[in-house]
1. Arrange the following residues from fewest to most other Cβ atoms within 10 Å of their Cβ: Ile34, Ile58.
2. Could you check which residue among Ile50, Ile11, Ile100 shows the biggest mean-square fluctuation in a GNM of the chain with a 10 Å Cα cutoff?
3. Can you tell me which of 114-125, 21-32 comes out highest on packing, and rank the rest after it, using the mean Cβ neighbours within 10 Å?
4. 222 nm [θ] for the chain, helices only, -39500 (n - 2.57) per DSSP H run of 4+, per residue, to 500?
5. Can you pull the Rg over Rh of the chain, Cα-only, Kirkwood?
6. When Val108, Val64 are ordered from fewest to most other Cβ atoms inside 10 Å of their Cβ, what list results?
7. Once phi is turned into ³J(HN,Hα) by the Karplus curve 6.51 cos²θ - 1.76 cosθ + 1.60 with θ = phi - 60°, what whole-Hz value does each residue of segment 9-23 show in order, with x for glycine and proline?
8. Take Val88, Val63 and order them by how many other Cβ atoms sit within 10 Å, fewest up front.
Amino acid sequence: MRARSHGMTLIELVVAITIVSIAVSTVLGAVAAISTRSADAMLQQQAIAIAQAYLDEITQRWVVDPNGSPPNTGRASWDLVDEYNGLVDVGAHDQSGNAIPSLSAYTVSVSTTPSSGLTGVPAAAARRIDITVSYASGGTVKLSGYRTNY
């Protein structure tokens with residue numbers, strides 16, 4: 001009598017390789033999805049920080065010019081909230097208008113409008129400020145605030 005061999009057949013080997021490759025591709029797909037989502041969260045947090053910085057800058061300006069001076073020409077000299085209306089920065093900029101190279105993937109849009117939605121505050125004395133920051137992966141963050149003449 002012949003002794004029986006204790007190895008694997010070719011069919012068993014192909015089935016094992018197929019099962020292992022399916023498992024590996026599933027795990028790699030999950031890792032790729034997780035890493036993509038974690039990068040989006042970082043981009044979103046950065047966009048929120050940019051919007052907050054712009055909002056902080058604008059809310060430090062006057063609603064009504066106390067000295068009646070003509071509009072200033074450069075962002076570094078703007079002293080009224082309304083001077084920021086329509087501002088579009090491709091790439092975030094600092095308060096002086098200088099580009100920040102590491103934030104070039106973000107686009108910032110600013111809109112200011114008279115606001116009559118605040119109880120007891122006339123529209124001429126209040127502004128709604130809307131900051132919209134968009135980034136490369138298609139995300140958008142919108143941050144709004146109010147500045148009153150106080």
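1. Working: Ile34 10, Ile58 23.
Sorted ascending by nearby Cβ count, the order is Ile34, Ile58.
2. Ile11
3. Details: 114-125: 12.1, 21-32: 10.0.
Ranking, from highest mean packing down: 114-125, 21-32.
4. Numbers: 1 runs with 50 residues, N = 150.
Computed mean residue ellipticity for the chain: -12500 deg cm²/dmol.
5. On the way: Rg = 28.4 Å, Rh = 19.4 Å.
Rg/Rh for the chain comes to 1.46.
6. On the way: Val108 22, Val64 12.
Arranged by neighbour count, lowest to highest, Val108, Val64 become Val64, Val108.
7. 7, 4, 5, 4, 5, 5, 5, 5, 4, 4, 5, 5, 5, 5, 5
8. Details: Val88 9, Val63 21.
Exposure proxy ranking, most exposed first: Val88, Val63.
Quick note: the coordinates plus some simple rules give every number you see, no bench work behind them. Because the structure is a prediction, the values reported are computed rather than measured. Neighbour counts run over all protein chains shown; Cβ positions are idealised from the backbone, glycine included.
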